[in-house]
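Step one of this worksheet: look at the structure below.
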């Protein structure tokens with residue numbers, strides 16, 4: 001799975017599970033902030049990946065990545081999200097806890113962590129990112 005797909009999944013998972021807006025994320029593996037926004041309204045998710053300049057979203061349980069022209073299935077179970085990325089033909093599992101989203105990419109057999117930026121408070125995270133860096 002591509003790193004930008006994992007980041008998109010992390011932002012979408014947080015928006016869907018918490019129903020809070022995402023203004024950006026910090027990718028621990030890459031060691032940098034990513035310009036990804038996401039918001040859920042009803043069964044609709046809308047998002048924008050500013051680093052790639054593309055939209056993503058749609059009607060759950062699937063979201064569409066306009067950049068990769070691929071669908072990602074998106075099944076929510078409490079604070080866990082799981083699905084399949086058709087673009088890379090790989091499964092994932094995401095866990096949302098305390099404004100951190102951990103994504104397990106089955107194709108990489110590895111976990112990836114993301115801190116979520118609070119849309120209501122410019123340049124701040126829902127939790128202190130310095131704790132986990």
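The values are calculated or read from the model by the stated rules, or taken from the named source; none is laboratory data. All values derive from a computational prediction rather than experimental measurement. Don't worry about glycine lacking a Cβ; one is built from the backbone with ideal geometry, like all the others, and counts go over all protein chains shown.
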Evaluate the following for residue 96: is it closer than 17 Å to residue 5 by Cα and at pLDDT below 95?
no
Within segment 15-33, track down each residue that is in contact (Cβ under 8 Å) with a residue 60 or more places away in the chain and touching a helix residue (DSSP H, G or I) at 6+ places or on another chain (Cβ under 8 Å).
20, 21, 22, 25, 26, 27, 29
Checked against (1) without any contact (Cβ under 8 Å) to a residue 12 or more places away in the chain; (2) out of contact with any strand residue (DSSP E or B) (no Cβ under 8 Å at 6 or more places or on another chain), residue 64 satisfies every condition except (2)
Kindly provide the set of residues from segment 66-87 that are crowded, with 19+ Cβ neighbours inside 10 Å and either modelled with pLDDT under 95 or out of contact with any helix residue (DSSP H, G or I) (no Cβ under 6 Å at 6 or more places or on another chain) (or both), ordered by number.
68, 72, 74, 83
Residue check, residue 12 under 19 Å from residue 86 (Cβ atoms) and either in contact with a strand residue (DSSP E or B) (Cβ under 7 Å, 6 or more places away or on another chain) or without any contact (Cβ under 8 Å) to a residue 12 or more places away in the chain (or both):
yes
Report yes if some residue within segment 103-113 is under 16 Å from the mean Cα position of the chain (by Cα) and modelled with pLDDT under 95; otherwise report no.
no
